[in-house]
1. Over all pairs of distinct alpha carbons, what does the Kirkwood formula give as the hydrodynamic radius of region 130-237, in Å?
2. On C-alpha positions alone, give me the angle between the axis of helix 2-22 and the longest principal axis of the chain, in degrees, nearest 10.
3. Please compute, over every Cα-Cα pair in the chain, the percentage with a separation greater than 32 angstrom.
4. Using the Cα centre as the reference, give the magnitude of the dipole from point charges on the C-beta atoms of region 353-457 (Lys, Arg: +1; Asp, Glu: -1; all else neutral), rounded to the nearest 20 debye.
5. Go ahead and run the numbers for FRET between Arg458 and Ile419, Cβ-Cβ distance against an R0 of 41 Å, rounding to 0.05.
6. Let me know the charge dipole size of region 279-419 about its Cα centre in debye, to the nearest 20, where only the beta-carbon of Lys, Arg (+1) and Asp, Glu (-1) is charged.
7. Which value in Å does the Kirkwood hydrodynamic radius of region 66-108 take, with 1/r averaged over all unlike C-alpha pairs and then inverted?
8. Amide H of Ser130 versus every other amide H placed in the peptide plane: which residues, excluding those fewer than 5 positions away on the same chain, fall under 5 Å?
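Bear in mind that the values in this text are calculations on the coordinates, not laboratory data. Being a predicted model, the structure only gives us computed values, none of them experimental. Ideal geometry is used to build each Cβ from the backbone, glycine not excepted, and the neighbour counts take in all protein chains shown.
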Amino acid sequence: MKLLCNLTFCAILLIAVIVSCDSPTKIDEKKRVEISGKVLNKLTNLPLDDAFVKIKNSPDGLSTLTDLEGKYTLAFEADSEFTVTVVASKESYIADSANALAIPERSVNMPALMLMPTSSTPTASGNASSIILRAQSTDHIAVRESGDPEVAQLVFEVQDSAGVPVDLEHSVEVDFILGAGPGGGEFISPTSEFTNNSGQVIAVLTSGIIAGSVQIIAQIQIDGQTIRSKPVAVAIHGGLPDQNHFSLAVEKLNFPGYNIFGLKDRITAFVGDKYSNPVRPNTSVYFSSDGGIIEGSSQTNEEGSCSVDLISAEPRPFHTTLGAGFATVVGSTIDENQNTISDNIIVLFSGIPTISISPTSFDIPNLGYQSFIYRVHDQNLNPLSSGQSINVSVDGEGIEALGTTDANLPDTQSQGWTIFGFTIAETDSTVKPRPILIEITTNGPNGGAILGIGGTAR
């Protein structure tokens, strides 16, 4: 009995060991956490570069410096959630900090850290010698009443010959001048300003009603000399789309896509604002078509245009008025009042060539003539696409062919390019029956076709 109990105990112990080996204790894995944000001057709301940013309670004492736009990113690994304290500091500024919850495999965007300039006395300087651009709030603004920011702040710094910002004792008046610009009423204010104890002045550019690029120049007069900064360029983008300035164009009005699938026809939207300027770049335009397949959307470029491909495929188009082969392509976007504006264009998907002629037989009297009407079109009676050639050959003695015997079709949807005519005149006065053979051929993007008829000349 005692032996049996011992055996039972050993078996239970062995099972426990096996289970323990098959089910190891789970260890939490460390995963990446990313903290990012901006450091700004609390007085000017402009970015501060070279500010020192650190995570106060980071196990590795993680830190970095801000870039020219005041941005920073700090990354580390953690195996669980915890609260971090981010501190930003810079010489001559009061430090600022903020807390955030760090979560593994997450990116945390911190609120801006605002550093207040101190009143400490700057390094003594010499006389003004140069002007540089210290900071710029943005490199682009929008035209007036567009709903986007219409002003840009520029901070210029006047320095002495050693590169030290001029102090109050050497303060100078800086004039702000608009260089080349679109001339739409844009202006800069103030027009002049004295440098502060950091040698800096702030100019504000306000847009007008015309898009384009504008240059801002800061200059000073000292000891009879004019000192200028390099021109600073700010782009003024157009506003929101306007119905009166929205239109579509197509590369080919007629392309052979009714029977040939996979062909492409380029559709372009031109989008302007209410002042006739190109809309701001990256304005989205949406496209649809009741024939084939079309790329769904595109974004405008600097010129206010964008393009997509219309691809020949099912469904084959059918227009309620124009009939088979005609597709309606629609482009649309949103105006400043959040209303949908749109335009449309008709594209012809032409098909397989077909040829017919009237009359189909003839007997031309001596020195007489016979006129013919022939038609070249697709199976839907629509004109063929550009590049399609048509040729009429007449074989026989003592005759002359006059009229449209050769043609190359343009890019057209007009039925006028499906009907042609020519005349055969008998030029031999000898009364002698002779056979005449007429052959009409067409070749090109839509394919080929041929039609022949015969008759007599006497």
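1. Values: mean 1/r = 0.0708 Å⁻¹.
The answer is 14.1 Å.
2. 70 degrees
3. Values: 71011 of 104653 pairs.
Of the Cα pairs, 68 percent sit more than 32 Å apart.
4. Working: 3 positive and 10 negative charges, 36 e Å.
Using Cβ point charges on Lys, Arg, Asp and Glu, region 353-457 gives about 180 debye.
5. Values: r = 29 Å, r/R0 = 0.71.
Between Arg458 and Ile419 the formula returns 0.90.
6. Numbers: 3 positive and 16 negative charges, 59 e Å.
Its charge dipole is roughly 280 debye.
7. Details: mean 1/r = 0.0820 Å⁻¹.
This gives a value of 12.2 Å.
8. Distant-sequence amide H within range of Ser130: Gln159.
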